[in-house]
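A.B. asks: One structure coming up, written as structure tokens, with questions to follow.
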Amino acid sequence: MKVGIVGLPNVGKSTLFNSLTRAGAEAQNYPFTTIEPNLGVAAVPDDRLDALAGVMRSRRKVPATVDFVDIAGLVRGASRGEGLGNQFLGHIRECDAIAHVVRCFADENVSHVHAGVDPGDDIETINTELLLADLATVERRIERVSRAAKSGEKSLVEEAAALERLREHLSEGNPARTFPEREPVEEALRTLITAKPTLYVANVDEDSLAEGDAYSAEVEKVAAREGAEAVRLSAKLEDEIAGLSPEEAGEYLAMLGVGSSGFEEFVRAAYRLLGLITFFTAGEKESRAWTVREGATAREAAGRIHSDMEKGFIAAEVGRWDEVVEAGSWAKAREEAKVRLEGRDYVVRDGDVMLVRFNA
Ligand SMILES: Nc1nc2c(ncn2[C@@H]2O[C@H](COP(=O)(O)OP(=O)(O)OP(=O)(O)O)[C@@H](O)[C@H]2O)c(=O)[nH]1
Ligand SMILES: [Mg+2]
């Protein structure tokens, strides 16, 4: 999974990126700190994997990962070439999902590119630029497809007509993600930024983390209206606790009245948005978290591990992560009948532990 981070300049995108990836990108108190895009990989924190690796005495623990792209801040007019961000929107087009960082922290020492903190207005500015960029993409495609459709080929004629409707939809200010048609414009939608699942990140002050405030409420309202997700976190705090041990971080968060780090919330929301689930493999050599789409079968899941396992799939031993941890070992879980044998069409559930039997 690859997530692109967008937002106005100086709202905390790189600070968030660093807290997630530990990549050490430059984050400074002035707009347009980021020029070249930053790429990084974040390990997905997962208590279930920790617990499994513990009882299995695994020599290695391999978490699931998420790739992040942090680009320059976008400003009004970006789609017409203002600022820097537009040049880098290409990097966002390749992403599976968008994280839209919105400034909700007050801090007078950090300048805001507009008059002051105004999440609704900021979101609108960014979304307008993303829409205009998509509109330009669709218009180029309409030109190309209409020309080709002169041949009279039915699929092209249909696509051209659907693209016109999509252009209309975008011109009215609606994101491509709410366009009701799929099939004829599928290829176009893959390249559109506003077609991607979007996660709004309300970057709040530490003391607004637990309860939220009027700013974060506004972000949540927009997200709900658009069928997007919203999470509340403090990029600055995330960056601070990323350097602490899990115990220390937990204590610090508890002091602020929150149960888990913003990153954990963020990843959970991203998985929900993208319809992804996690299953595990666990043994002495390693315990590992794997990501598959919801609805994946045992055989497809086996293919995530190795293509040979998919090809030669015989059956999968499947247990629930908590029951395996409680049993204390795979053998014990088997004895206690906590492990079932499932066939190729078994639909994998979030939190399953799998041992695949296959013909090599
Ligand atoms: N008080 C406070 N300051 C923050 C927070 N997040 C970021 N900042 C500060 O805001 C300034 C800008 O942060 P960056 O992460 O560089 O912002 P950016 O969005 O990447 O900015 P550009 O790359 O210029 O678009 C830095 O001085 C950060 O320390 C936060 O949650 N609270
Ligand atoms: Mg930056």
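A.B. asks: Could you do me a favour and compute the accessible area per residue for the chain, 1.4 Å probe, result in Å²?
C.D. replies: Values: 17310 Å² over 360 residues.
Accessible surface, normalised per residue, equals 48 Å².
A.B. asks: For Lys196, which lysines qualify as cross-link partners when the Cα separation must be under 22 Å and same-chain residues fewer than eight apart are set aside?
C.D. replies: Lys2, Lys13, Lys221
A.B. asks: How much mean residue ellipticity at 222 nm does the chain get from its helices, if each DSSP H run of length 4 or more adds -39500 (n - 2.57) and you divide by all residues, to the nearest 500 deg cm²/dmol? Can you show the working numbers first?
C.D. replies: Details: 14 runs with 147 residues, N = 360.
Dividing the helical sum by the residues of the chain leaves -12000 deg cm²/dmol.
A.B. asks: Bin all alpha-carbon pair distances of the range 127-193 at 5 Å intervals from 0 and give each bin's fraction as a whole percent.
C.D. replies: 3, 19, 32, 25, 13, 6, 2, 0
A.B. asks: Additional query: Not counting ligands, DNA or RNA, and with a 1.4 Å probe, what is Ser111's accessible surface area in Å² rounded to the nearest 10?
C.D. replies: 60
A.B. asks: Ordered by residue, what ³J(HN,Hα) values in Hz, to whole numbers, does the range 257-264 give under the Karplus form 6.51 cos²θ - 1.76 cosθ + 1.60, where θ = phi - 60° and Gly and Pro are x?
C.D. replies: x, 10, x, 9, 5, x, 5, 4
A.B. asks: Thr191: accessible area at probe 1.4 Å, nearest 10 Å²?
C.D. replies: The value for Thr191 is about 60 Å².
A.B. asks: If you average the C-alpha positions of the range 299-317 and of the range 1-57 separately, how far apart do those two centres end up, in angstrom?
C.D. replies: With the range 299-317 and the range 1-57 each reduced to a Cα centre, they are spaced 31 Å.
A.B. asks: Quick one: Debye curve from the C-alpha atoms of the range 193-283, no solvent, what's log10 I(q)/I(0) at q = 0.18 Å⁻¹?
C.D. replies: The Cα Debye sum returns log10 ratios of -0.87.
A.B. asks: As a test of the definition: which semi-axes, in Å, follow for the range 1-156 when you take the square root of five times each eigenvalue of its alpha carbon gyration tensor? Largest first, please. Walk me through the numbers before you get to the answer.
C.D. replies: Numbers: eigenvalues 227, 141, 30 Å².
After scaling each eigenvalue by five and taking roots: 34, 27, 12 Å.
A.B. asks: Which value, in Å² and to the nearest 10, is the accessible area of Arg140 when all protein chains are kept and the probe is 1.4 Å?
C.D. replies: The accessible area comes out at roughly 140 Å².
A.B. asks: If we restrict to alpha carbons, what Rg and Dmax does the range 1-42 come to, in Å?
C.D. replies: For the range 1-42, the Cα radius of gyration and maximum Cα-Cα distance read 9.7, 30 Å.
A.B. asks: If you don't mind, there's one more thing I want to ask. What is the mean projected area of the alpha carbon convex hull for the range 262-306, to one decimal in square nanometres?
C.D. replies: Answer in nm², one decimal: 3.8.
A.B. asks: Can you sort His169, His91 by 1.4 Å-probe accessible area, starting with the largest?
C.D. replies: On the way: His169 25, His91 70 Å².
Largest accessible area first, the list is His91, His169.
A.B. asks: I've got another one for you. Provide, in order from the shortest bin, the percent of all Cα-Cα pairs of the chain in each 20 Å bin, continuing until the bin that contains the maximum pair distance.
C.D. replies: 27, 50, 23, 1
A.B. asks: Would you please state the base-10 log of I(q)/I(0) at q = 0.13 1/Å for the range 295-358, with intensities from the Debye formula using one equal scatterer on every alpha carbon?
C.D. replies: -0.32
The values are calculated or read from the model by the stated rules, or taken from the named source; none is laboratory data. Because the structure is predicted, anything quoted here is derived from the model rather than measured. Heads up: the accessible areas ignore ligands, DNA and RNA and are worked out on the full protein's heavy atoms, side chains in. Shrake-Rupley method; radii C 1.70, N 1.55, O 1.52, S 1.80 Å.
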